[in-house]
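Worksheet: the structure to be examined is printed underneath.
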Amino acid sequence: MAKRKTKFVCQHCGYESPKWMGKCPGCSSWNSFVEEMEASGNRNKHTFNVGRNVAHKPEKISSIQTQQEPRVTVEMREFNRVLGGGIVAGSLVLIGGDPGIGKSTLLLQISAQLADKKLPVLYVSGEESIRQTKLRADRLDITSDLLYVLSETNLFDIAKQVEEIKPSFVVIDSIQTMYKEEISSAPGSVSQVRECTSELMKIAKTNGIPIFIVGHVTKEGSIAGPRLLEHMVDAVLYFEGERHHTYRILRGVKNRFGSTNEMGIFEMKEKGLREVMNPSEIFLEERSEGASGSTVVASMEGTRPVLVEIQALISPSAFGNPRRMATGTDQNRVPLLMAVLEKRVGLMLQNQDAYIKVAGGVKLDEPAIDLAIACSIASSFRDQPTRPDDIFIGEVGLTGEIRRVSRIEQRVQEAAKLGFKRVICPANNLDGWTAPDQIEVIGVKTVQEALHVGVSR
Ligand code: TYD
Ligand code: MG
């Protein structure tokens with residue numbers, strides 16, 4: 001009998017080594033190696049061996065027929081949007097998120113909506129018994145006939161059930177509980193997660209079934225059992241939100257069939273997730289008008305503009321080293337914008353603490369929010385409120401110039417729709433479009449000009 005070989009695998013990045021190491025050469029993390037058994041020679045004995053005999057030949061690119069990917073849409077339009085217009089046949093989609101954020105709830109609701117369209121769905125839970133899943137379904141008022149639930153963690157058995165039921169849609173909840181018998185390491189380890197995912201990929205591609213995989217996120221913020229999962233699947237969606245808030249955001253970070261950075265917004269209610277159709281209203285709901293340090297920006301989230309409040313609190317620093325903190329946006333932009341305000345506008349900010357917060361728990365990272373941050377800082381520093389019906393849009397350059405942003409027309413339309421009266425935006429953006437009548441558009445060239453219009457004394 002052949003000797004079984006073992007190897008050591010880094011649980012963070014998947015680096016393999018024949019010997020144990022303290023520090024991973026791949027990702028520099030410490031003490032991350034775990035001994036795993038090398039898969040034995042006949043590892044494909046049990047695997048789902050379909051499609052192996054189909055040999056592909058190279059084809060001329062000009063002769064390849066293109067068609068739109070066939071997509072299935074669900075009732076939740078926010079969900080379709082994040083996927084780029086619906087679920088693509090044969091796609092493998094990973095949904096990541098913190099435990100308890102609502103991944104199982106979301107996927108059970110989606111499954112039910114598909115089953116209601118007469119499409120058989122197989123919902124595999126490795127974490128909950130079928131009775132627990134049933135209890136959840138009762139809470140969500142799900143009674144679909146074509147929704148099959150299975151409590152199973154052995155991937156080979158799951159593959160058999162897929163063959164038998166021939167579902168149109170499969171959910172695997174979660175990938176960290178699944179295992180293949182041939183691999184001796186524990187479920188959730190790098191090898192198991194990797195092998196199970198590639199097996200699921202095979203099932204999805206050869207049968208044309210879309211498969212959704214749930215993946216938990218570790219404390220460090222990557223999908224547990226390494227990033228390599230993200231490279232293998234067709235799309236990666238993150239389901240995020242603060243546990244203390246009821247709003248949840250589904251965000252695309254990778255999508256082979258559509259644009260990324262799309263965002264779907266949901267609210268967790270007593271009876272499951274409800275989609276939110278007009279996010280701007282929610283993000284502005286709790287805004288206290290007339291307070292200093294608050295501005296509103298129209299930011300693009302994918303193809304949709306959302307209005308979000310940006311708050312700043314500037315207060316004298318008690319220590320020699322002033323603090324600069326930001327939640328919901330890039331930490332590094334704050335000192336940069338403060339330096340611009342100091343040098344180009346003459347605000348004495350060097351001995352001030354600065355706290356920036358994007359309200360509502362969203363994350364914004366596009367440069368078009370610069371001007372709103374700068375104006376919030378100036379407004380708080382001077383204790384001078386901005387007008388509650390002003391919107392600030394623009395990227396700030398190092399010389400204090402206001403730079404052009406994309407899709408200005410859509411942003412302004414959204415602002416007008418929500419009753420804002422003035423838009424302060426880059427002067428370079430003014431050509432080639434017309435603003436709605438009820439909103440005044442003010443083009444500015446420098447931060448100084450913007451402050452003069454928006455935060456004047
Ligand atoms: P769950 O889907 O189990 O999270 P995950 O699969 O991401 O771990 O969500 C559980 C949370 O959602 C739990 O705190 C209860 C809450 N919840 C509701 O508020 N309403 C509901 O209808 C359901 C089913 C759950
Ligand atoms: Mg769950």
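The values are calculated or read from the model by the stated rules, or taken from the named source; none is laboratory data. As the structure is a computational prediction, the values presented were derived from the model and not from experiment. So basically every Cβ, Gly included, is an ideal-geometry build from the backbone, and we count neighbours across all protein chains shown.
Key figures
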| read-out | value |
| --- | --- |
| Leading residue by the ranking (nearest to R136 (Cα to Cα)) among those in the stretch 245-275 that are of a type in the set (S, T, N, Q) and surrounded by fewer than 20 Cβ atoms within 10 Å (Cβ to Cβ) | T246 |
| Per-region count, the stretch 347-390, residues in contact with a Ser or Thr (Cβ under 8 Å, 6 or more places away or on another chain), crowded, with 24+ Cβ neighbours inside 10 Å and more than 25 Å from V441 (Cβ to Cβ) | 2 |
| Contacts under 6 angstrom Cβ, first residue in the stretch 64-77 being at negative phi, partner part of a loop (DSSP other than H, G, I, E, B), 6 or more apart | E69/F257; P70/A89; R71/G85; R71/G86; V72/G86; T73/G86 |
| Of all residues in the stretch 233-290 being aromatic (F, W, Y) and over 30 Å from S198 (Cα atoms), the one that is farthest from ligand 1 (Cβ to nearest atom) | F283 |
| Per-region count, the stretch 84-99, residues more than 16 Å from ligand 1 (Cβ to nearest atom) and in contact with a strand residue (DSSP E or B) (Cβ under 7 Å, 6 or more places away or on another chain) | 7 |
| Residue in the stretch 420-431 that is surrounded by fewer than 15 Cβ atoms within 10 Å (Cβ to Cβ) and of a type in the set (D, E) present | yes |
| Test result for H216, at pLDDT below 90, in contact with a Ser or Thr (Cβ under 8 Å, 6 or more places away or on another chain) and either within 16 Å of ligand 1 (Cβ to nearest atom) or not in a loop (DSSP other than H, G, I, E, B) (or both) | yes |
| Any hit, the stretch 32-47, residues being modelled with pLDDT under 75, among the basic types (K, R), outside the structural domain of M268 (by TED's automatic domain parsing) and part of a loop (DSSP other than H, G, I, E, B) | yes |
| All positions within the stretch 88-99 that are surrounded by fewer than 21 Cβ atoms within 10 Å (Cβ to Cβ), more than 16 Å from the chain's Cα centre (by Cα) and either at pLDDT 95 or above or not hydrophobic (A, V, I, L, M, F, W, C) (or both) | G90 |
| Any hit, the stretch 370-390, residues being of a type outside the set (G, A, S), closer than 19 Å to R304 by Cβ and in contact (Cβ under 8 Å) with a residue 60 or more places away in the chain | no |
